[in-house]
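To keep things clear, I will list the structure first and then write my remarks on it.
Nothing in this text is a laboratory measurement; each read-out follows from the coordinates by a stated rule. All of these numbers come straight from a predicted model, not from anything done at the bench. Heads up, the Cβs are rebuilt from the backbone with ideal geometry, glycines too, and the neighbour counts pull from every protein chain shown.
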Amino acid sequence: MIYFLKIVLCFTILILFTNRLQAQGIPVKNFYPDSLTNQEIAILKSKYGTNKELIVTYENQMLIALSYFPELKDIHIKFKVKNRTTPLATRPAFFSMLRSAKKRTYIITISKKSTTYLDTIIFKNLNYNAQIGVLGHELCHISDYLNKGFGKITVIALNEIFSKKAVDKFEFNTDLNCINHGLGYQLLDWSTNIRENLKRVNWLGAVNLTTDEKSERYMNPTTIHTILVKHPLYQETKKITSNCQD
């Protein structure tokens, strides 16, 4: 009886905790291909699959990542697979640029084949949890674009060409946004996965393979871990999980 009451109490706390977090999802340390049942995936698709063009092969990972972004629930997003150097890229569709942010169509392009060197970190070569992490990073770009008009998005595009420091800050803050949305563990897996595969300390992006790597454009694993240890979203979730397992 005591055990039953404890389960009910934990379940109630988790519901209240979820409601209080609002746009922030409950962090889960590891997702695996069999983490969710077909019925659970179907529920995610009905809730977060509206106006989305998903890739069948990676549909589950995409739906899990999308579930951490309720602000994108009705936004038009197309996931595409192409041969391109950059492992993943996100942008508004060209002809929707002049529309209001919430009426645009956004495209996330996943590379299926890159250079010999970068092939080690294209999406299909990442582990499952890391795939969700990098999708979270890309969805953070779209979440950010919802607050930017044509002018500000143009500035971001120009910074890609003319300002390395601006890009460093932009991508670093995108990683922080991903952590704040609840996908910090998945981001940590992605950060670790690409550095192990590339055998590089820092990752400055596909077009910065010959420059020095002193700047931290994408958060290093140690940086992410330091943030997670202090982040209230992850610490409170950890306490609830620990109490329910005692």
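Figures for the structure shown
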{"read-out": "Tensor-based shape of region 106-229 (alpha-carbon gyration tensor, a/c under 1.5 rounded, otherwise prolate or oblate)", "value": "rounded"}
{"read-out": "Net charge, residue 153 excluded, C-beta distance under 10 Å - Lys, Arg +1, Asp, Glu -1", "value": "+3"}
{"read-out": "Residue-span extension gain [residue 57 to residue 196] - 0.36 nm each, minus C-alpha spacing", "value": "47.6 nm"}
{"read-out": "Which listed pairs, of 103/152; 29/112; 73/113; 82/152; 47/124, have C-alpha distances above 18 Å, in listed order", "value": "29/112; 73/113; 82/152; 47/124"}
{"read-out": "Extension gain (nm, one decimal) between residue 229 and residue 80, 0.36 nm per residue minus Cα-Cα", "value": "50.1 nm"}
{"read-out": "Prolate/oblate/rounded call for region 24-174, Cα gyration tensor, a/c under 1.5 rounded", "value": "oblate"}
{"read-out": "Cβ-defined net charge surrounding residue 40, 12 Å radius [Lys, Arg +1; Asp, Glu -1]", "value": "+1"}
{"read-out": "Protection-proxy order for peptides 159-167, 215-223, each taking the mean of Cβ atoms within 10 Å per residue, highest first", "value": "215-223, 159-167"}
{"read-out": "Net +/- balance of residues flanking residue 57 in space, Cβ distance below 11 Å, scoring K and R +1, D and E -1", "value": "+1"}
